[in-house]
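Student: Dumping the structure here so I can ask a few things about it.
The values are calculated or read from the model by the stated rules, or taken from the named source; none is laboratory data. What you see is a predicted model; the values in this text were computed from it and never measured. Note that each Cβ is placed from the backbone with ideal geometry, even for glycine, and that neighbours are counted across all protein chains shown.
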């Protein structure tokens, strides 16, 4: 989230698209309803009418997979009706930048597409520069080659009639949404977009989010209280686990994992390649070196490139993400798997195949509170033949969150501490202790090795106190970072050094543990103004609560609206002050060079209306991997930058066999794969049955009655469940034809107090062109009575 | 007896999260009851002895072609003139100073007359086993968390509610909030109404409903039958003194059955009286 | 940093004297029912603040534990986000502890076996460390295209979205910086 939960109360309009917060983030509605009570509007855009829709002022239906069409139409509307915030757009976005001649767009493809590689040369989408290397601009936004005009041209194709022919949205409703959200383009007004996996779990997921951000930049909503682009994160610490490098492509604090390319053979080369020349990331060497110092301690020296060579290097261009990991497992390339509280046999795409892949492992370790469908994948109940499965499986019982202590980071980036309320149940242990005990054993196994290959594990520092349970305070101190000589805690990441004199396990968390102590433990619930509780816990970065908040002020540094003041330039003090920590150099005056570079982390300091992700600088509508209609915007059906994985893992269904669009989702009473909630009586009682939601129209066509048992099939599997026939699903009336859609929760599996068949046996094994997040949210199926 | 505090259920603010259902179970240590698939996301068909509040889900097409998904936190209304209390031959059901209607388990003999006496299908019998394995029954229902009220805490369901759909507050504050909310929601919900039936002298749980009571399965104008009032407030005390407890229980059964007939023919329909 | 908590008294019931508190039959076991009926269940207990383990709203919860079990959990009224309220999942966090389905012992399933065996922690951790070492050593690559790579691509580490920050830190440190894993993934991807 650019903003945070309490801040939702300040919005004039919340557009909820690709999310269902009333069910999946219920307490968000505490704040959304406060906004509503003050006259704010709530818009819910979703393939079906949800509990969120019931609390909304306007509900608009759209077919799964048509978000870019929907949003592209809104951008076109805002530009045509001139509802955008012009001063903001000129000052804070790259709308005025002149684009290089190479850029072009024709019939669904941008320039420089390489069909064989299914990729573009992103450097061909550049800005024109003068002789000094400065970007050329036209602040009148009239130059036909400026971003603004190119964007206008691009989205002029997204007229209302075309859009609703693709999305199936009722025209009157669509226009009402456009008008209502467009009203937030007025200076001083703010609108927020809330999204979750309904946006990201598509082959165009990244561009879905990009186009939300573009609309928000056009309307001047980024950086505003009650504004922003807000990802509603679904797991208690999925923010933290991402911040801390638990994805293959990032180390801590969103920095690069080294690759085996010749430029990165040395640490110097690696830093040169990956450090931008402008923007705050210029400081990357300080952050990276401090991380290496945290990893290897005194074994990281200037002489040995601070231990850079101890870090594993990825094969260049190789994709190690979840689906490719399972492809590799299926192909027998993996021997061992360690899992910490994860259940892919229920939660993974094409879960039946992912389950099969597990049996190719030699060994597997599951650390969990419960026996899950994944840790028990070899059992008969899972449809397996135990005798045929040679995988050795270790189950290590973990304790629950309140049986240990430690911090987690919420969606608004608040790092909140949890204290221990009770001893771990039975023999279960904290994951911290399990990881610690494994590390100690591994270090012991390697301690006498003289092989150079074993240096990394020997060089890794692991000084977290004596005994079996690590001293969490020492872990916290290392994450924040300290001066290697004085051992004093570093108070801010700006003070980190690239010469090895400081360590910091994760630069974006630097500042949470100063000499004052661990600030994530703070419980002062004083509102410092505008719902900013600056002394409650600690937020990264630097305790900032609203990202980009410089943009809540006009170029001269005063708030666009007095009612929406979070920070402002105090000319007397010559400082940015207010009730939030300015997301800006605190003494950079508005009228000096860079004083209006509101997004100062970025190389240009400006919000990117034009920004090169893998499938192009402007989001363009493509149809999902599986879908029943042709793309009316171009002849390119599927996102041209999407990569295919192992064919055996991803059977494709055709519309003639599987004419119905399907999507998966969550319900309020269960969580993710259900391992936590289906093992508890009260939540199991609230939602005991797997069901398939469908419209009355489809049910009638198929001769299905409410409560009947039905079978849903896709090219990958079948699922039996109860039919839930509802008025909340309606057929999508598209231009080409009427398309039915069904939906189902993905919480169920064969373990637990309540059980049900697993929706993900139906889902495809293909993902977004940038993130490779699977396309769970739009695929084809058929349904019949059981 | 008018309670100083009222529980207010503004169904138009409910987002259907069902925290109230499990908050009740959590405070009152009630066991789970796994029910058959209801054909909607509703978990339980109705209130039971172990499930004291149920969130109902109701899909409703509106007259103007619109659609509403109506949610209602359904639990004991704590009637001022309570049918269950009037039906009880053992004086096991009474009002507390909070206006909550509670069952004294020591006095309850599990006869079930209260079940017949309640027009809202709220109270029911739970079956237990004693040390020798012999079954016995006790009437059970929402207590309005009277034990929490005694300690100055709100009912558990109210504490959990994040939308202010459930409020527990001073009578005047609740009634004035109800009136102002009614005006606010009339545009979207033309049939909205405040449900605080005066035929039973009002309730300690007051509703703002988004549609007619019958849409929610509530009687439009509930009353405790005169015969029941006479029985409870006059005949029973005198009778017990003159004829003894057993005889009066038999007479009570006859009266309760007649009430049940009225009630069952009256479910959710606006035609009586 | 103190973990000060308050239990907010909501009602202004001046002069309210405990009168006829109804005795309610609780639970299934008669003895238990009698015992509970006579006492206020959280009387005298000091709650411990925690943050909900489910979605990333990050609501505050107070945990009341007694006699080595969790007797009650409720929203933290001091918490700025939820102000004491919770959803159904947050409300029932107590049962994460009390559920009889929690695994309390390490277990091992041998190749081809159809059952789990309970094992000791030391044995399990020793075996896991050995497996990791064997696989790593057998598959370890030090060079690729003339570049030092120090990695194994035969072990994967998955999950972590429900771990604490400190745990995720140690996990990525051990797996990436220590053991040289490249297949490190978690729920943010799916």
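Student: Please go through (1) surrounded by 23 or more Cβ atoms within 10 Å (Cβ to Cβ); (2) under 27 Å from the mean Cα position of the chain (by Cα); (3) more than 7 Å from chain A (Cβ to nearest Cβ) for residue C:106 and return the number of the only condition it doesn't satisfy.
Tutor: The failed condition is (3).
Student: Right, next: I'm told residue A:302 meets every condition in (1) out of contact with any strand residue (DSSP E or B) (no Cβ under 9 Å at 6 or more places or on another chain); (2) assigned to a loop (DSSP other than H, G, I, E, B); (3) within 30 Å of residue A:779 (Cα to Cα) except one. Can you identify the failing condition by its number?
Tutor: Status for residue A:302: all satisfied but (3).
Student: Among what's in segment A:507-536 and is at the interface with chain C (Cβ under 7 Å from one of its Cβ atoms) and part of a loop (DSSP other than H, G, I, E, B), pick the residue that is surrounded by the fewest Cβ atoms within 10 Å (Cβ to Cβ).
Tutor: Going through the qualifying residues, I end up with A:525.
Student: While we're looking at this one, here's another question. Might you check whether a residue that is within 9 Å of chain C (Cβ to nearest Cβ) and in contact (Cβ under 8 Å) with a residue 12 or more places away in the chain occurs anywhere in segment A:479-492?
Tutor: Within segment A:479-492, one or more residues are within 9 Å of chain C (Cβ to nearest Cβ) and in contact (Cβ under 8 Å) with a residue 12 or more places away in the chain.
Student: Being within 11 Å of chain C (Cβ to nearest Cβ), buried (at least 18 other Cβ atoms within 10 Å of the Cβ), in contact with a helix residue (DSSP H, G or I) (Cβ under 8 Å, 6 or more places away or on another chain) and within 24 Å of residue B:81 (Cβ to Cβ) narrows it down to one of B:142, B:118, B:111, so name that one.
Tutor: Answer to the check: B:142.
Student: Kindly indicate whether residue A:325 is crowded, with 23+ Cβ neighbours inside 10 Å, within 10 Å of chain C (Cβ to nearest Cβ) and in contact with a strand residue (DSSP E or B) (Cβ under 9 Å, 6 or more places away or on another chain).
Tutor: Criteria met by residue A:325.
Yes/no matrix, rows are residues, columns are (1) assigned to a loop (DSSP other than H, G, I, E, B); (2) modelled with pLDDT of 95 or more; (3) under 18 Å from the mean Cα position of the chain (by Cα); (4) not assigned by TED's automatic domain parsing to the domain that holds residue C:162:
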| position | (1), (2), (3), (4) |
| --- | --- |
| C:2 | yes, no, no, yes |
| C:12 | yes, no, no, yes |
| C:24 | yes, no, no, yes |
| C:27 | yes, no, no, yes |
| C:64 | no, yes, yes, yes |
| C:70 | no, yes, yes, yes |
| C:80 | yes, yes, no, yes |
| C:83 | yes, yes, no, yes |
| C:114 | yes, yes, no, yes |
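Student: What strands (runs of 3 or more DSSP E), lying completely within segment A:635-754, carry at least 3 residues that are in contact with a helix residue (DSSP H, G or I) (Cβ under 7 Å, 6 or more places away or on another chain) and either over 30 Å from residue A:329 (Cβ atoms) or more than 12 Å from chain B (Cβ to nearest Cβ) (or both)?
Tutor: A:718-726
Let's see how each residue does on (1) crowded, with 21+ Cβ neighbours inside 10 Å; (2) more than 10 Å from chain A (Cβ to nearest Cβ); (3) at positive phi; (4) in contact with a helix residue (DSSP H, G or I) (Cβ under 6 Å, 6 or more places away or on another chain):
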{"position": "B:11", "(1), (2), (3), (4)": "yes, yes, no, no"}
{"position": "B:16", "(1), (2), (3), (4)": "yes, no, yes, yes"}
{"position": "B:25", "(1), (2), (3), (4)": "yes, no, no, yes"}
{"position": "B:31", "(1), (2), (3), (4)": "no, no, no, no"}
{"position": "B:53", "(1), (2), (3), (4)": "yes, yes, no, yes"}
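Student: Of the conditions (1) under 18 Å from residue A:746 (Cβ atoms); (2) without any contact (Cβ under 8 Å) to a residue 60 or more places away in the chain; (3) surrounded by fewer than 23 Cβ atoms within 10 Å (Cβ to Cβ), residue A:332 satisfies every one except a single condition; which number is it?
Tutor: (1)
Student: Can residue A:465 be described as at the interface with another protein chain (Cβ under 7 Å from one of its Cβ atoms), surrounded by fewer than 18 Cβ atoms within 10 Å (Cβ to Cβ) and in a loop (DSSP other than H, G, I, E, B)?
Tutor: No, not satisfied.
Student: Among the residues of segment A:62-115, write down those that are in contact with a strand residue (DSSP E or B) (Cβ under 8 Å, 6 or more places away or on another chain) and without any contact (Cβ under 8 Å) to a residue 12 or more places away in the chain.
Tutor: A:104, A:114
Student: Which of the residues spanning segment B:99-114 are touching a strand residue (DSSP E or B) at 6+ places or on another chain (Cβ under 7 Å) and more than 22 Å from residue B:29 (Cα to Cα)?
Tutor: Matches in segment B:99-114: B:112, B:114.
Student: Condition (residue is assigned to a loop (DSSP other than H, G, I, E, B), farther than 30 Å from residue A:29 by Cβ, out of contact with any strand residue (DSSP E or B) (no Cβ under 7 Å at 6 or more places or on another chain) and in contact (Cβ under 8 Å) with a residue 40 or more places away in the chain) applied to segment A:278-285: is it met by at least one residue?
Tutor: Yes, because at least one residue in segment A:278-285 is assigned to a loop (DSSP other than H, G, I, E, B), farther than 30 Å from residue A:29 by Cβ, out of contact with any strand residue (DSSP E or B) (no Cβ under 7 Å at 6 or more places or on another chain) and in contact (Cβ under 8 Å) with a residue 40 or more places away in the chain.
Student: Same structure, new question: In segment A:340-365, which residues are within 16 Å of residue A:674 (Cα to Cα) and facing chain C (nearest Cβ under 9 Å)?
Tutor: Across segment A:340-365, the qualifying residues are A:340, A:341, A:342, A:343, A:344, A:347, A:348, A:349.
Student: Those residues that are under 25 Å from the mean Cα position of the chain (by Cα) and assigned to a strand (DSSP E or B), I need them from segment A:771-786; list them, please.
Tutor: Selection gives A:774, A:779, A:780.
Yes/no matrix, rows are residues, columns are (1) surrounded by fewer than 24 Cβ atoms within 10 Å (Cβ to Cβ); (2) at pLDDT 95 or above; (3) under 27 Å from the mean Cα position of the chain (by Cα):
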| site | (1), (2), (3) |
| --- | --- |
| A:309 | yes, yes, no |
| A:318 | yes, yes, yes |
| A:342 | no, yes, yes |
| A:349 | no, yes, yes |
| A:362 | yes, yes, no |
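Student: Among the residues of segment A:391-410, what is the count of those that are in contact (Cβ under 8 Å) with a residue 60 or more places away in the chain and either part of a strand (DSSP E or B) or surrounded by fewer than 24 Cβ atoms within 10 Å (Cβ to Cβ) (or both)?
Tutor: Of the residues in that region, 5 qualify.
Student: Now a separate question. Please go through segment A:429-459 and give me each residue that is assigned to a loop (DSSP other than H, G, I, E, B) and buried (at least 24 other Cβ atoms within 10 Å of the Cβ), ordered by number.
Tutor: Passing the criteria: only A:430.
Student: Does residue A:451 satisfy being within 8 Å of another protein chain (Cβ to nearest Cβ), within 29 Å of residue C:152 (Cα to Cα) and out of contact with any helix residue (DSSP H, G or I) (no Cβ under 6 Å at 6 or more places or on another chain)?
Tutor: no
Student: Those residues that are more than 7 Å from chain A (Cβ to nearest Cβ) and in a loop (DSSP other than H, G, I, E, B), I need them from segment C:136-181; list them, please.
Tutor: C:146
Student: Going by what's in this entry, would residue C:118 be described as in contact with a strand residue (DSSP E or B) (Cβ under 9 Å, 6 or more places away or on another chain) and within 7 Å of chain A (Cβ to nearest Cβ)?
Tutor: Judged against the criteria, residue C:118 is not a match.
Student: Let me ask something else. Could you figure out which of (1) at pLDDT 95 or above; (2) within 7 Å of another protein chain (Cβ to nearest Cβ) isn't true of residue B:158?
Tutor: Checking residue B:158 against (1) at pLDDT 95 or above; (2) within 7 Å of another protein chain (Cβ to nearest Cβ), the one that fails is (2).
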